[in-house]
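A short reminder: the numbers here are calculations on the coordinates, not readings from a lab. It should be emphasised that the depicted structure is a prediction, and the values quoted were computed from it without experimental measurement. Don't worry about glycine lacking a Cβ; one is built from the backbone with ideal geometry, like all the others, and counts go over all protein chains shown.
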Amino acid sequence: MAASPLLPKGYVIACAIGTVIQEMSHVSDFRMIWKRLIDMQCLDSNFKIITLSDLECDYINARACCSKLNKWVIPEMVGQCLSMMLMLVSMHWFIFVLNMPVAAWNIYRYVKIPMGNMGVFDPTEIHNRGLLKSYMKEAMIKLGYHLLCFFIYLYSLILALIND
């Protein structure tokens, strides 16, 4: 079994820079919570991409892959909804509206699990109908979305520092 890196170097550097900026600032706790939630969601997207690519290359079997991925479906959904609620409470309407489609998609996927399936990711169906490619595409799109959100939050953090 080949070892996969869990954290890309660029992500670690971005997290370190974000942490240093946050420690130097005296902005609201909401911004720090958002940043941490986005960090966790980026890690979740990276984990999904790595696990799905390991399945694609036959480093792990379908059952192990699906059980690993299904463990993180509910925490991803809760994190996205919590992030959305924090934005609603702090009246950041643009960012709230930006997060609504992703939260709705996560809830829709969870609610539409067919009866008898192991979860969102089912080992008996993951190789059928090109689901593996679609899950990979979805994980890449979510990673891009979370990186976009990371830079929007970083911009708002810098803007708050300048205004203080």
Next item on the list: Just subtract the alpha-carbon distance of Ile33 and Glu125 from 0.36 nm times their residue separation and send over the number in nm, one decimal.
Entry: 29.5 nm
Next item on the list: Rank Phe47, Gly116, Gly144 by how far each Cα sits towards the positive end of the charge dipole of segment 30-164 (+1 on Lys, Arg Cβ; -1 on Asp, Glu Cβ) and give me just the farthest.
Entry: Gly116
Note to self: Given axes a ≥ b ≥ c from the Cα gyration tensor, I'd like to know whether segment 52-113 is rounded (a/c under 1.5), prolate (a/b larger than b/c) or oblate.
What the structure shows: prolate
Check: Which of Tyr153, Tyr145 comes first, and how do the rest follow, when ranked by fewest Cβ neighbours within 10 Å?
Finding: Tyr145, Tyr153
Checklist line | Dipole moment magnitude, nearest 20 debye, segment 81-164 about Cα centre, only Lys, Arg, Asp, Glu C-beta charged | finding: 280 debye
